[in-house]
1. When the Kirkwood radius is taken over all Cα pairs of segment 70-148, what Stokes-Einstein diffusion coefficient follows at 10 °C and 1.306 mPa s, in µm²/s?
2. When the helix-only estimate is applied to the chain (DSSP H runs of n ≥ 4, each -39,500 (n - 2.57), divided by the residue count), what is the mean residue ellipticity at 222 nm, nearest 500 deg cm²/dmol?
3. For 298, 206, what's the fewest-to-most ordering of other Cβ within 10 Å of each Cβ?
4. Between residue 106 and residue 307, 0.36 nm times their residue separation minus their Cα-Cα distance comes to what?
5. Work out the FRET efficiency for residue 23 and residue 283 from their Cβ-Cβ distance, taking R0 = 25 Å, and round it to the nearest 0.05.
6. Hey, what did segment 115-191 get for relative contact order, percent, Cα under 8 Å, at least 6 apart?
7. Which value in nm describes the separation of the simple spin-label points at residue 39 and residue 253, placed 7 Å from the Cα toward the beta carbon?
8. By its C-alpha gyration tensor, with a ≥ b ≥ c as the square roots of the eigenvalues, how is the chain shaped: rounded for a/c under 1.5, else prolate for a/b larger than b/c, else oblate?
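Read-outs: derived from the displayed coordinates by stated rules, not from any lab. Everything numeric here is computed off the predicted structure, so don't read it as measured data. Cβ placement follows ideal geometry from the backbone for every residue including glycine, while neighbour counts extend to all protein chains displayed.
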Ligand code: NAD
Ligand code: TYD
């Protein structure tokens with residue numbers, strides 16, 4: 001199979017590229033190389049086209065001769081979408097539409113990588129099933145929902161061969177250090193504060209990146225057109241408990257943990273019902289304690305990967321996001 005992986009230079013996409021290359025597939029990557037896209041995530045010699053999924057000419061060039069497209073390309077950080085949402089609409093909605101227009105008359109298979117955040121807050125309990133209504137809360141999750149809504153419309157109207165995955169919070173090596181786990185790990189390794197939003201009692205369902213990629217591969221190979229598949233870790237944790245575990249694994253002092261002003265509109269809890277994907281033979285395999293331990297080891301051993309990232313644009317973003325919050329923070 002010749003496969004186009006859009007957004008393949010990012011965190012999850014690059015793990016997926018390595019996985020599919022190891023399975024003997026022919027892979028080409030299309031990536032805009034935004035702040036979170038990184039050539040260093042990919043093995044040497046990978047066919048990488050620097051381009052934008054929202055540009056039809058870039059997609060046509062990259063998708064030439066491909067049998068399938070797996071779309072990871074997105075603006076992916078909720079906090080950045082609160083600071084400025086513009087790029088989110090363009091990549092998530094317009095970009096997905098360009099991909100769908102490209103495959104419309106071609107029979108090329110598309111897997112759209114979406115998120116559990118499209119279901120919105122599940123504070124009241126229960127787990128989201130694929131048939132549940134979408135109720136996104138943040139500009140990020142609303143843009144993801146808008147993009148994925150095009151899929152059933154193009155399946156029904158044009159008969160395109162496309163499926164959707166909705167993954168839960170993912171962690172592992174090569175994750176850009178703006179997200180909760182890599183931010184806390186790299187700050188702890190540097191002796192910098194760990195900014196815990198609000199009461200820290202929010203719940204996320206953590207999934208190792210290899211398990212997430214295995215779920216997406218399963219949908220690529222065996223998923224049915226027009227269907228949605230949840231990919232979750234069945235591993236719900238309070239943020240505060242994950243933070244405590246990271247302090248233990250990094251050996252950092254507990255005084256680094258700081259309570260800061262909450263994120264506006266912050267979803268309290270996500271939870272996925274994964275029975276449908278388990279029906280295709282998939283299940284998450286990496287226990288959280290083991291996955292977290294090896295992830296911390298990776299960041300400890302790969303400062304050369306993340307130290308250059310934590311300068312330049314990152315410092316500006318960090319100051320905007322955390323400067324005021326940390327100056328008014330309190331101990332946890
Ligand atoms: P990431 O930010 O590390 O990677 C995103 C990649 O997309 C980067 O390489 C970036 O350069 C590229 N990109 C952005 N805009 C582009 C455009 N217009 N054209 C081409 N490339 C573009 O994010 P990630 O965590 O690897 O997330 C990948 C996908 O998985 C996203 O669609 C995200 O919504 C979804 N997802 C992520 C998580 C998570 O916890 N990280 C959970 C569920 C779903
Ligand atoms: P994040 O990694 O941004 O993923 P998402 O918001 O998409 O779930 O955040 C995970 C959880 O950690 C979320 O409840 C917000 C919280 N969080 C903090 O408490 N402090 C931080 O600095 C960040 C980035 C996140």
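1. Value of D from the Cα-based Kirkwood radius: 118 µm²/s.
2. It lands at -11500 deg cm²/dmol.
3. Listing 298, 206 from fewest to most nearby Cβ atoms yields 298, 206.
4. Separation in residues times 0.36 nm, less the Cα-Cα distance, equals 68.0 nm.
5. With a Förster radius of 25 Å, E is 0.85.
6. 28 percent
7. Each label point lies 7 Å from its Cα, and together they span 4.1 nm.
8. prolate
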